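In what follows, a single structure is set out as structure tokens and then discussed.
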Amino acid sequence: MSIQTPMMRQYMAMKKEHPDAILFFRMGDFYEMFGEDAVVASKAMNIALTSRDKGAENQTPMCGVPFHAVETYLARMIKQGFKVAICEQMEDPKLAKGIVKREVIRVVTPGAVVEPSMLDDRSHNFLAAVAPSKRGFGLAAADLSTGLLRVCEFAGEAALADFLNELDRIEPRQIIVPDNLDEAHPPLFKALSAYGKTLDKVDGWIFGYETARQSLLEQLKVLSLDGFGLEGMDLAIMAGGAAAHYLRDTQKGAVKSINRVVIHNPTGLMTLDPATRRNLELTKNLMDGGRSGSLLGLLDDTMTPMGGRILKEWILKPLLSVEAIRERHATVRRFFSDTALADSARFALSGMGDLERTAGRVALPICSPRDLLALGQSLAKLPALREAVWRVDTAIGDAWRALWDDVADLRDLLERAMSPDAPAAARDGGFIKHGYNERLDDLKSIQTDSRRTLLKLEEEEKARSGIANVKIKYNKVFGYFIEAPRRLADNVPSDWMRKQSVSNAERFISPKLKELEDAILNAEERALSLELELFEDLKARTVEQIHRAQTMAAVAGEVDTLAALGHVARRNGYTEPEVDDADIIEIKDGRHPILERAGLDERFVPNDALLDRGDNRLSIITGPNMAGKSTFIRQAALICLMGQMGSFVPAASAKIGVCDRIFTRVGAQDHLQRGQSTFMVEMNETAMILNGATARSLIVLDEIGRGTSTFDGISIAWAVAEYIHNVGARTLFATHYHELSELADSLSGVRNLSVAVREWNDEIIFLRKIIEGGADKSYGIQVARLAGLPKEVIQRAGEILTQLEANEIDASGHPKLKAKEAEGGPLYQLSMFAPAASEVEEELKKLDVNAMTPIEALTKLAELKKKAGG
Ligand code: ADP
Ligand code: MG
């Protein structure tokens, strides 16, 4: 800085404390940025860069944003991964002696955002804290905006993979790790570096066990963590404590929204790997990553953001326990079959808004009058929801009733206190309702009705003194006074004080009038400060009860989710699946939940699927491109997943023998941005499936081995199928390699299916029906014709195909890929992979011995011997 004014020194001191944040320095109606901060921020926010000391030699770059629009600018910074330290003026500049006192009141980081405009209301906004150790990993996910703090631990062989998987699932906005992570745990550091700017190294000591434990104790205001079931969970404590510490640091202490810690125990929940989540388009579509076209987009008919967030969690974490799944189904069935019940629950929920986040915000410094109003309004919907909940006669309904709390006292308080048109900011007052506080009402009525109040007082004083022509008057010198005729002045009440005599009259002041005068003159100021006092009091009283509102937000969210699933099931014609621990998956007339509603040109054709661990272990689905293979196998996976998350399913009927994992390997997508080729990604995903699948898993494989040459591809696909067959996982394997249908000849439990097509004059018509038996050809050329390739190309391709089929592939036109089952394992007979016939062999084959003379034969023999190198 060129000019070291005291204010700039103040600025520099604060900047030094927050070196990695952009400092928004409040000056009057603006937040100003200086120096390097200004250069970076002006670019990031797209605002003009000026300079502070114009004309001076070393100019200080500077930019600023108006305080009333700060949220918009903050949003731009946070979206780009910046941190912003907000520095406020802590006293009125007009009253300040010397330099205005300033303080950083809060550091906004991507993982510590609470402004509704910066949040996706259907997703949590997680700060993740990662505590690595030799034993495993602790992970904390904290959402400041809802007050959720969730911890879990990963240990054992697959700890790193499981941990990374969970981290990916929660979609953290910011990940904090100890600053020595690169040395302490290189593999983890390497894996996390894919998160780029989201990854944030912070002081390592906050992850230390003792510090972390203390942070949690302080945060939760308890003396022991045992009440949360955390004893012995050192890694979880380290991560949870670090998250609490970090958030308290950024919020300068005030993080009252987080008042409990939840242990996330992944047992009982299905793990879905990132590839499967992506391939099945569970929460994002593959096209542009948006919600529409995803399963979440389809099923999310929730009325509240809480419900939306729960649904998202459920989709990404289906259940494994038959009992737990049936409980959800029973409650969905309740809403499904009683539409009046569903409607009334959904109507009550519709006005509830984001109770969870409102409650969270009330416990933070940014709480505004409108937040208190909104909290009261949300709570006001609970009695109507209670009506509905009392009619849900299921185990889950019982759990709701056990937790139920109308939070009536808090609701009444807020309803009495908060004016329905409360402004967003507290500073101008005007948010307390009439009738809540007598003193405030008086002050307000003084402002608006001072004349009427005076008249009232005049009447009172008349009555008290018994003097009929007493008057209250005003002049600039004396202010307000009571005037009485001189001849009656000796009989005035004793508390009247004589102020002045004028001809024929005496002027008095009474304590009440004095009070009224003060009141009138200061009414506005006093009303405002009283209102702010009342606001602080209301906030404090609300925060004390906030955990009750948070509990009800969780209950309401769950009611919402299950009611929505019932509603959607009815609207989309779903049925309740039968879920058990048996091996069978049997779907009758199953449909693809998203495609069936995508407005296809054709009617969606339902299909059956049958998988078990006996004769129907592995189905190979062949058929031309575009026939419907991918659709069929995905719909089976989606139906199982929907069933296990508690939803009804798009099928005439479905039996689901619970799957411990659902794996998919679908399509070919490039991850070039991650420096991996399509084929490498495909093989990675396949490796993960082969290593993770068990006999209870469901595997859906689509086009394994497409990213390489045909022979490579077929070989890999074949070997993968054999391996899976050995594992015993229930598998649907779609491939355009019709050669794979030969697997069924050699392995028991393998079935061939294909998608029916009808050939008609060189054209094909897709029938979309899955039928027994493999496809005998690929119809690639016919599909190419449908796609509009020029006629010449189609014709020429046909010629080439004929030649290839005649020459390259063995006499029958089929490469034989049979692995005969023999004692001690399969015996391979892969004719296709035998060395290519030599030139000599080829020539021998072509010889027509009967048409040769003996001399010709001898000459040929000598020539061949020479060719063979003899
Ligand atoms: P494949 O994997 O065999 O190449 P897809 O499963 O990708 O084929 O299906 C191609 C298209 O065919 C889909 O996008 C859809 O429009 C249509 N389709 C697939 N299955 C059905 C079905 N059962 N009913 C109606 N249309 C379908
Ligand atoms: Mg396909």
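For this structure, a couple of remarks:
- Some residue of region 110-118 being open to solvent by less than 10 Å² (accessible area, probe 1.4 Å) and outside any loop (DSSP other than H, G, I, E, B): no
- Contact annotation: residue pairs with Cβ atoms under 7 Å, 6 or more positions apart or on different chains, pairing a residue in region 388-400 that is under 13 Å from L349 (Cβ atoms) and β-branched (V, I, T) with a partner that is open to solvent by 20 Å² or more (accessible area, probe 1.4 Å) and at pLDDT 95 or above, are V389/R401; V389/W404.
- Taking every residue in region 575-600 that is open to solvent by 50 Å² or more (accessible area, probe 1.4 Å) and pairing it with any residue that is among the hydroxyl-bearing types (S, T, Y) and within 16 Å of ligand 1 (Cβ to nearest atom), at least 6 positions away or on another chain, the pairs with Cβ-Cβ distances below 8 Å are L595/T631.
- Going through (1) buried (at least 19 other Cβ atoms within 10 Å of the Cβ); (2) free of Cβ contacts under 8 Å to residues at least 24 places away in the same chain one by one, G289 falls short only on (1).
- The residues in region 772-787 that are at pLDDT 80 or above and loosely packed, with under 15 Cβ neighbours inside 10 Å can be counted, and the count is 2.
- Being surrounded by fewer than 19 Cβ atoms within 10 Å (Cβ to Cβ) and under 19 Å from A717 (Cβ atoms) is a property that does not hold for D762.
- Hits in region 188-204 - residues which are in contact (Cβ under 8 Å) with a residue 24 or more places away in the chain, among the hydrophobic types (A, V, I, L, M, F, W, C) and in a helix (DSSP H, G or I): L188, A191, L192, A194
- For Q635, the conditions (1) part of a loop (DSSP other than H, G, I, E, B); (2) of a type outside the set (D, E, K, R); (3) surrounded by 24 or more Cβ atoms within 10 Å (Cβ to Cβ); (4) within 12 Å of ligand 1 (Cβ to nearest atom) are fulfilled apart from (1).
- Test: residue in region 269-282 that is modelled with pLDDT of 95 or more, closer than 22 Å to H592 by Cα and under 14 Å from the mean Cα position of the chain (by Cα): yes
- Qualifying helices (runs of 4 or more DSSP H) (wholly inside region 303-362; at least 3 residues being within 22 Å of D406 (Cα to Cα) and of a type outside the set (D, E, K, R)): 305-316, 339-350, 355-362
- Subset tally (residues that are away from ligand 1 (no atom under 16 Å from the Cβ), of a type in the set (D, E, K, R) and either touching a Gly at 6+ places or on another chain (Cβ under 7 Å) or under 19 Å from H329 (Cβ atoms) (or both)) for region 578-632: 8
- Enumeration of residues in region 252-284 that are in a loop (DSSP other than H, G, I, E, B), closer than 25 Å to A637 by Cα and open to solvent by less than 20 Å² (accessible area, probe 1.4 Å): M270, L272, D273, L280, L282, T283
- The criterion of at least 1 residues that are under 31 Å from the mean Cα position of the chain (by Cα) is met by the following strands (runs of 3 or more DSSP E) wholly inside region 6-74: 22-27, 61-66.
- Filtered residues of region 613-655 (kept if among the small types (G, A, S), on the phi > 0 side of the Ramachandran plot and within 11 Å of ligand 2 (Cβ to nearest atom)): G623, G628
- Residue identified as more than 16 Å from ligand 2 (Cβ to nearest atom) and either assigned to a strand (DSSP E or B) or at pLDDT below 95 (or both) among D560, D601: D601
The values are calculated or read from the model by the stated rules, or taken from the named source; none is laboratory data. Everything numeric in this text was worked out from a predicted model, so none of it was measured. Backbone-built Cβ (ideal geometry, glycine too); neighbour counts: all protein chains shown. Note: areas computed on protein heavy atoms with side chains; ligands, DNA, RNA excluded. Shrake-Rupley method; radii C 1.70, N 1.55, O 1.52, S 1.80 Å.
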